[in-house]
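Colleague: Next up is a structure, given as structure tokens.
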Amino acid sequence: AAPQRVRPGLHLMLRTLEHVPAFVLGRRTDVLAANALARAVLTDFEALPVPQRNLARYYLLDPEARDRVVDWPRIAAETVAVLRLEAGRHPRDRRLADLVGELTVRSPEFSAWWNDHRVLRRTHGSKCYRHPVVGELHFVYESFQPPGDPDQTLCVYNPEPGSTTAEDLRLLSSWTTPA
């Protein structure tokens, strides 16, 4: 399959959403694009080699994720359920099969979550991250498919207005905004 590309309009939308973390996921939970705050809150996916820019791989294999994601077992298990949905939608996806194989071998928890056959289309919910500088960040998120591309998902993490998280994001934003 050809590499997935994010439309220029979605890239522009990520830049427009500079006050909240936002990113675009492709098939297999590949991180196709992320704004500066998403890179600051989660991890800098753009600094990783392209094959490593994957949310499931980050959550399940990167030791930093276990520290950074407050409710790691729930988030990691939900991510496996998202991968299982992808496997049902694209049963002949070789790269997805390779990812599942890698996670099976390298993640102690993956097999149990994969074998429970749970599927999930992530649409909205809450997440909490521990940032090494500003501490806990609480978000409600919305995820949706942009029109015309059912294999991409735009994810936007929103803080409650006036919350500590909103203030901390302003601080992080001031550090991530180019001069």
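The values are calculated or read from the model by the stated rules, or taken from the named source; none is laboratory data. All values reported here derive from a predicted model rather than from experimental measurement. Neighbour counts are summed over all protein chains in view; Cβ atoms, including those assigned to glycine, are modelled from backbone coordinates with ideal geometry. Accessible surface areas use protein heavy atoms only, side chains included; no ligands, DNA or RNA. Shrake-Rupley method; radii C 1.70, N 1.55, O 1.52, S 1.80 Å.
Colleague: Out of Tyr141, Tyr157, report the one residue that is in contact (Cβ under 8 Å) with a residue 24 or more places away in the chain, aromatic (Phe, Trp, Tyr) and surrounded by 13 or more Cβ atoms within 10 Å (Cβ to Cβ).
Modeller: Tyr157
Colleague: Tell me, which residue of the stretch 5-18 that is open to solvent by 50 Å² or more (accessible area, probe 1.4 Å) and not in a helix (DSSP H, G or I) is nearest to Thr176 (Cα to Cα)?
Modeller: Glu18
Colleague: Let me ask something else. Looking at the stretch 17-31, I want the residues that are acidic (Asp, Glu) and have a partner that is modelled with pLDDT of 95 or more with Cβ atoms under 6 Å, at least 6 apart or on another chain. Which pairs are those?
Modeller: From residues that are acidic (Asp, Glu), the pairs are Asp30/Asn54.
Colleague: Go through the stretch 1-26 and give me each residue that's over 24 Å from Tyr59 (Cβ atoms) and among the polar types (S, T, N, Q).
Modeller: Thr16
Colleague: Within the stretch 19-45, how many residues turn out to be in a loop (DSSP other than H, G, I, E, B) and within 19 Å of Cys128 (Cα to Cα)?
Modeller: 7
Colleague: Residue check: is Val82 under 25 Å from Thr165 (Cβ atoms), out of contact with any helix residue (DSSP H, G or I) (no Cβ under 9 Å at 6 or more places or on another chain) and modelled with pLDDT of 95 or more?
Modeller: no
Colleague: Quick one: in the stretch 160-178, of everything that is part of a helix (DSSP H, G or I), free of Cβ contacts under 8 Å to residues at least 60 places away in the same chain and not β-branched (Val, Ile, Thr), which residue is most open to solvent (accessible area, probe 1.4 Å)?
Modeller: Going through the qualifying residues, I end up with Glu167.
Colleague: Let me ask something else about it. Select, from Ala34, Ala47, the only residue that is under 10 Å from the mean Cα position of the chain (by Cα) and either on the phi > 0 side of the Ramachandran plot or of a type outside the set (S, T, N, Q) (or both).
Modeller: Every option except Ala34 fails the conditions.
Colleague: Next question, about the same structure. Looking at (1) in contact with a Ser or Thr (Cβ under 7 Å, 6 or more places away or on another chain); (2) under 21 Å from Arg92 (Cα atoms); (3) open to solvent by 10 Å² or more (accessible area, probe 1.4 Å), which is the one condition that is false for Arg27?
Modeller: It fails just one condition, (1).
Colleague: Please go through the stretch 36-45 and give me each residue that is out of contact with any Ser or Thr (no Cβ under 9 Å at 6 or more places or on another chain) and surrounded by fewer than 23 Cβ atoms within 10 Å (Cβ to Cβ), ordered by number.
Modeller: Once the filter is applied, which keeps residues that are out of contact with any Ser or Thr (no Cβ under 9 Å at 6 or more places or on another chain) and surrounded by fewer than 23 Cβ atoms within 10 Å (Cβ to Cβ), the stretch 36-45 yields Thr43, Asp44, Phe45.
Colleague: What's the total number of residues in the stretch 134-155 that are closer than 17 Å to Ala22 by Cβ, of a type outside the set (Val, Ile, Thr) and part of a strand (DSSP E or B)?
Modeller: Matching residues across the stretch 134-155 total 9.
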